[in-house]
Amino acid sequence: MIRRLKSSDRPAIESILKRTAQFNTDEVNVALELIDITLNFQAQTDYNVFVLEDEGKVLGYHCTGRRPMTDAVYDLYWIVVDPDTAGKGVGGKLLQHATEFVKEQKGRWLLAETSSKETYEKTRLFYTKYNFNIIARIDDFYSAGDSLLIFGKRL
């Protein structure tokens, strides 16, 4: 079942983020900041967080929102799957849900930013598998040798 984030989901999401090997401390903190904004400011509409739950256990989540200063472009800020369930289709279900959510909002693009580091190779293959294309690249963006790759899908 995919549903909106609840306060009781935060510990499970924090655990998933901390157990995801490719995320450093700063990345975990930023992800949790968006979770906290979503939970503490329920009137905000910038971040929409949905969790995939199975038998009472959170297996992953996505955070999606409309890009400021655009009329219909959305960002997939985070899509994270519990490392214990990786490779079992959870990410695909979350990405499909994010895509459908954006379509329901009358969005025309869904963008996902990621790193060019080798540790993000599986992430890049994941987006490609679901028909996202690299639409922009900024070399040495995160640090020297670590480029920003923007994947996009026109809806």
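The values are calculated or read from the model by the stated rules, or taken from the named source; none is laboratory data. A quick note: this is a predicted structure, and the numbers were derived from the prediction, not measured. Ideal geometry is used to build each Cβ from the backbone, glycine not excepted, and the neighbour counts take in all protein chains shown.
Pick from Thr114, Thr70, Thr64, Thr128: which is surrounded by 13 or more Cβ atoms within 10 Å (Cβ to Cβ), outside any strand (DSSP E or B) and hydroxyl-bearing (Ser, Thr, Tyr)?
Working: Thr114 fails: outside any strand (DSSP E or B); Thr64 fails: outside any strand (DSSP E or B); Thr128 fails: surrounded by 13 or more Cβ atoms within 10 Å (Cβ to Cβ).
Among Thr114, Thr70, Thr64, Thr128, only Thr70 is surrounded by 13 or more Cβ atoms within 10 Å (Cβ to Cβ), outside any strand (DSSP E or B) and hydroxyl-bearing (Ser, Thr, Tyr).
Considering each of Thr45, Thr70, Thr114 in turn, give the residue that is modelled with pLDDT under 95 and of a type in the set (Ser, Thr, Tyr). Steps first, please.
Details: Thr70 fails: modelled with pLDDT under 95; Thr114 fails: modelled with pLDDT under 95.
Answer to the selection: Thr45.
Test each condition in (1) touching a strand residue (DSSP E or B) at 6+ places or on another chain (Cβ under 7 Å); (2) closer than 19 Å to Tyr130 by Cβ; (3) modelled with pLDDT of 95 or more for Arg3 and report the one that comes out false.
Failing condition for Arg3: (2).
Could you list, in sequence order, the residues of the range 73-87 that are surrounded by 13 or more Cβ atoms within 10 Å (Cβ to Cβ) and farther than 20 Å from Ala31 by Cα?
Hit for the range 73-87 is Val73, nothing else.
Taking the stated definitions as given, is Glu33 at pLDDT 95 or above, more than 21 Å from Phe132 (Cα to Cα), in a strand (DSSP E or B) and not aliphatic (A, V, I, L, M)? Even if it seems obvious, please write down each step before you answer.
Details: at pLDDT 95 or above: yes; more than 21 Å from Phe132 (Cα to Cα): yes; in a strand (DSSP E or B): no; not aliphatic (A, V, I, L, M): yes.
Judged against the criteria, Glu33 is not a match.
What do you reckon, is Asp82 touching a Gly at 6+ places or on another chain (Cβ under 8 Å) and acidic (Asp, Glu)?
Numbers: touching a Gly at 6+ places or on another chain (Cβ under 8 Å): yes; acidic (Asp, Glu): yes.
Yes; evaluated as a whole, the condition is true for this residue.
Taking the range 26-55 as the search range and keeping residues that are crowded, with 18+ Cβ neighbours inside 10 Å and hydroxyl-bearing (Ser, Thr, Tyr), which one is nearest to Asp9 (Cα to Cα)?
Here the residue is Thr38.
Just name the residue that is surrounded by the most Cβ atoms within 10 Å (Cβ to Cβ) out of those in the range 131-155 that are in contact (Cβ under 8 Å) with a residue 24 or more places away in the chain and of a type in the set (Ser, Thr, Tyr).
Result: Ser147.
So, Glu14, is that one over 16 Å from Ala98 (Cβ atoms), surrounded by 14 or more Cβ atoms within 10 Å (Cβ to Cβ) and free of Cβ contacts under 8 Å to residues at least 60 places away in the same chain or not? Talk me through it step by step, then tell me what you get.
Working: over 16 Å from Ala98 (Cβ atoms): yes; surrounded by 14 or more Cβ atoms within 10 Å (Cβ to Cβ): yes; free of Cβ contacts under 8 Å to residues at least 60 places away in the same chain: yes.
Considered against the rule, which asks whether it is over 16 Å from Ala98 (Cβ atoms), surrounded by 14 or more Cβ atoms within 10 Å (Cβ to Cβ) and free of Cβ contacts under 8 Å to residues at least 60 places away in the same chain, Glu14 comes out as yes.
Could you tell me which residue of the range 1-30 is farthest from Ala43 (Cα to Cα), considering only residues that are in contact with a helix residue (DSSP H, G or I) (Cβ under 9 Å, 6 or more places away or on another chain) and aliphatic (A, V, I, L, M)?
Across the range 1-30, the extreme among qualifying residues is Ala21.
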